[in-house]
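Below is one structure, written out as structure tokens; comments come after it.
Values quoted throughout were computed directly from the atomic coordinates according to the rules given, and no laboratory measurement underlies them. Just so you know, these numbers come straight off a predicted model, no measurement behind them. Ideal geometry is used to build each Cβ from the backbone, glycine not excepted, and the neighbour counts take in all protein chains shown.
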Amino acid sequence: MAFRRACSYEATIKTPVDPSTYSAILVTFRQGDIIVNKTEDDVTLTSTSVVVQLTQEETALFEAKKKVHLQIRCYASEYDAPGSKIWTMVVEDALDDMILPEVEP
């Protein structure tokens with residue numbers, strides 16, 4: 001897995017049960033001291049997965065050619081709060097890391 005700096009990124013994470021059964025979801029991207037967290041308000045749920053997106057600005061926070069770690073944690077109750085394994089991905093460089101503006105119609 002990898003994503004490119006200063007480009008948007010989308011990941012689909014399968015969950016063991018319908019993610020709508022969780023009352024809290026936290027998806028964390030971390031590279032050293034840089035942390036980007038996404039909560040249930042920031043993600044899209046399907047019946048089997050959590051879809052999380054990073055913006056150009058968020059991917060630009062991470063340093064190219066270094067690893068970023070990704071983990072999802074969920075909460076249903078005190079004894080039902082699973083956490084995924086930690087996935088590792090590499091940040092790929094962009095030839096130009098300028099953040100592109102939204103084009104108006």
Inset, instruction - Sum -39500 (n - 2.57) across every DSSP H segment of at least 4 residues in the chain, then divide by the residue count to get the 222 nm mean residue ellipticity, nearest 500. - result: -500 deg cm²/dmol
Legend entry - Relative contact order for the chain, counting Cα pairs under 8 Å that sit 6 or more residues apart, in percent: 36 percent
Inset, instruction - Report, in debye and to the nearest 20, how large the dipole of the chain comes out about its Cα centre when Lys and Arg carry +1 and Asp and Glu carry -1 on their Cβ. - result: 580 debye
Inset, instruction - Could you tell me which trypsin sites (Lys or Arg not before Pro) in region 1-98 are loop residues by DSSP with no more than 13 other beta carbons within 10 angstrom of their beta carbon? - result: 65, 66, 85
Legend entry - Radius of gyration, Dmax [region 2-91; alpha carbons; angstrom]: 13.1, 39
